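Remarks on the structure that follows.
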Amino acid sequence: MNNLTTRTITGVLFVICVIGSVILSHWAFAALFMVVSLAGYLEFARLMKVNKIYLHRPAGLFFGIVTYASITLWEFGIIEANLLLVNLLIFPLLLVVELFRKSATPFLNAALGLLGLVWIILPLSLLNGFFNHSEGPKWLHSGVLLGFFLILWIYDSGAYIFGSLFGRHPMLERISPKKSWEGFAGGSAAGILTAYMVSASFIEFSVLQWLVIAIVIIVFGTFGDLVESMLKRSVGVKDSGKILPGHGGILDRFDAVFLAALPVFILISIFR
């Protein structure tokens with residue numbers, strides 16, 4: 001089986017799992033993405049080991065669960081916002097954990113452990129806030145989240161196709177030689193067109209609002225891709241992992257989401 005076939009099969013199964021969980025219920029999606037976020041954190045910890053930085057993975061996973069669960073429960077209206085303040089204790093506690101470890105880089109361990117939580121766990125937990133729990137047809141409750149993923153995936157696919165066919169001018173050759181301005185332009189056109197079509201079905205936001213959301217997804221999603229490429233170059237690996245055949249790891253698959261989720265969350269909070 002060649003790489004393109006493997007990549008296609010994995011991609012289709014991945015899309016089915018994500019969209020299926022979104023449509024099934026907000027709890028199904030929340031559970032799936034808690035697993036994804038924790039797997040992403042472990043992947044990040046493994047990458048740090050390449051540079052001889054050893055994060056305390058049990059502590060990271062515990063604080064990841066606390067962060068993800070508290071934000072999700074707040075977004076679902078189960079706990080009050082003031083309970084989120086418990087997350088402010090995470091960095092001091094990561095430093096305390098380092099007191100009981102024999103490591104040459106305790107402060108770097110704690111700082112990068114926090115980075116993993118903020119970069120990976122936080123944005124994936126914010127996706128649960130895209131659901132609209134107000135009254136209305138059930139399928140509309142998940143419209144914004146479905147729209148977010150559709151725009152992001154079609155932009156990414158468009159950028160890959162246009163970049164492969166017409167790419168001549170690298171965006172940031174030092175970080176990602178294969179990412180071109182031609183791919184960005186083609187992907188952007190595909191993403192904006194998708195937003196226009198999405199606005200006809202998911203009517204919570206106007207056409208203009210969906211177009212603004214699409215632009216934010218495209219810009220921050222591109223930065224997210226480049227940031228993850230920068231990480232891989234800094235540790236000298238091609239893929240962040242092997243959990244998704246043909247695609248690499250969790251960080252490879254969700255790199256755009258990590259930077260796009262927060263600004264989109266802010267936008268939809270304003271629009272609502």
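The values are calculated or read from the model by the stated rules, or taken from the named source; none is laboratory data. Just so it is clear, the model here is predicted, and its values are computed rather than measured. Here the Cβ is made from the backbone with ideal geometry for all residues, glycine too, and neighbour counts use every protein chain on show.
Computed values, structure above
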read-out	value
Subset of region 1-51 [assigned to a loop (DSSP other than H, G, I, E, B) and in contact (Cβ under 8 Å) with a residue 12 or more places away in the chain]	51
Filter result for residue 21 (at pLDDT 95 or above and farther than 16 Å from residue 113 by Cβ)	no
Any chance residue 191 is of a type outside the set (Val, Ile, Thr) and surrounded by 15 or more Cβ atoms within 10 Å (Cβ to Cβ)	yes
Unique match (being acidic (Asp, Glu), surrounded by fewer than 20 Cβ atoms within 10 Å (Cβ to Cβ) and more than 26 Å from residue 20 (Cα to Cα)) among 228, 204, 173	173
Exclusive hit being closer than 30 Å to residue 88 by Cβ, among the hydroxyl-bearing types (Ser, Thr, Tyr) and either crowded, with 17+ Cβ neighbours inside 10 Å or at pLDDT 95 or above (or both), set 125, 180, 142	125
Tally, over region 72-92, of residues that are acidic (Asp, Glu) and loosely packed, with under 15 Cβ neighbours inside 10 Å	1
Near pairs, Cβ below 8 angstrom, 6+ apart or cross-chain, from region 232-254 (over 19 Å from residue 123 (Cβ atoms)) to any residue that is surrounded by 15 or more Cβ atoms within 10 Å (Cβ to Cβ) and of a type in the set (S, T, N, Q)	245/10; 246/10
